[in-house]
1. Taking the range 119-129, which residues are crowded, with 18+ Cβ neighbours inside 10 Å and either free of Cβ contacts under 8 Å to residues at least 12 places away in the same chain or among the hydroxyl-bearing types (Ser, Thr, Tyr) (or both)?
2. Mind checking whether some residue in the range 87-102 is under 26 Å from residue 19 (Cα atoms), β-branched (Val, Ile, Thr) and either modelled with pLDDT of 90 or more or touching a helix residue (DSSP H, G or I) at 6+ places or on another chain (Cβ under 7 Å) (or both)?
3. Any residue in the range 263-287 that's of a type in the set (Phe, Trp, Tyr): show its pairings with residues that are part of a loop (DSSP other than H, G, I, E, B) at Cβ separation under 6 Å, as long as the two are six or more apart or on different chains.
4. Can you confirm whether the range 113-132 contains a residue that is more than 28 Å from residue 193 (Cβ to Cβ) and of a type in the set (Asp, Glu)?
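The values are calculated or read from the model by the stated rules, or taken from the named source; none is laboratory data. Remember, it's a predicted structure, so these values are computed and weren't measured experimentally. Using ideal geometry, Cβ is built from the backbone for each residue, glycine included, and neighbour counts are taken over all protein chains shown.
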Amino acid sequence: MALLDFILNLAGLLLWLNWRFLRVARKARVVPGVSLAGTVKSTQPSRVVPWPGLAFLGGLLLVRAFVYSTIGSNLRTNMVLDLGILSVSFNPFLMSRMLLFSILSFISFTAVFYFLLLLLSALNRSAADPDPCLRWIRMHLGWLERRHPAIKCGIPFVAGLLFWMLAGGVLASLGLLPGGDGFGGKVLRGCVFGISMYWVWLPVLIFLAGFHIISSYVYLGELSWVSFLQRSGRNLMSLFPKLQMVSLRTDFTPWVLILLLSWMVWNGCQSGLCGGGVLLIRLWHSI
């Protein structure tokens, strides 16, 4: 069921991105490809109609709620919404719960995607000559792309806080989450939940640091996505000037960063040493 939900969320995300792209295409003639390179103003009214993408997306969310209810009822298993720091279980025998699960699952999946776009955009904020990958990212971020990098980095926290303050109360009223928190406790939980939103960045940061190490010793070609990842890795390393530890012509900064990020994303304990994920979960339950 988790794999099916992932595939359908991916399909919904593609429909959403297609709708976003067609909105831009209505105002410009776009050269085929993944970027908006070479875009020129159209002299004829665009016949592109973007609304079917949203219609298909709404139909997908509705139909899959019925599918989840049918499969879950037959298998007698709940649908679980993984929110990182906690999981919410939905009863498949109630169609309204499955519809709520379908909507929240897609929102969380899409939010993760946009959080990653914000990270990559912030890392490449100073690129004066963006490559196709970066142009594609900036196109889909829209007005968020023009915001300061500090604002971009703060969006996941604010989004997590607002989500908990709004959706957390609704889920608690439906009996899906324990209630009883006062306003102060709800705000504290919202802050911790907002911090947990940055977990989605950690694997990407580890990958960029590792890619930076590999590209420092191996020639990977001149493909646009390779150049984009190389520049992102270099920009990431430039954020830590005080960690430059050069010995025998080897820069150990990315290795130290990978170890630190790996500890932060680790959700286990070994010999009394607990990962950052465990500590955050313990803080959540201690409130």
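1. 121
2. No, there is no match, as no residue in the range 87-102 is under 26 Å from residue 19 (Cα atoms), β-branched (Val, Ile, Thr) and either modelled with pLDDT of 90 or more or touching a helix residue (DSSP H, G or I) at 6+ places or on another chain (Cβ under 7 Å) (or both).
3. Short answer, once both residue conditions are applied: 263/275; 266/275; 284/85.
4. yes
To keep it simple, each residue is scored yes or no on (1) assigned to a helix (DSSP H, G or I); (2) touching an Asp or Glu at 6+ places or on another chain (Cβ under 7 Å).
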{"position": "71", "(1), (2)": "yes, no"}
{"position": "80", "(1), (2)": "no, no"}
{"position": "84", "(1), (2)": "no, no"}
{"position": "88", "(1), (2)": "no, no"}
{"position": "97", "(1), (2)": "yes, no"}
{"position": "102", "(1), (2)": "yes, no"}
{"position": "105", "(1), (2)": "yes, yes"}
{"position": "108", "(1), (2)": "yes, no"}
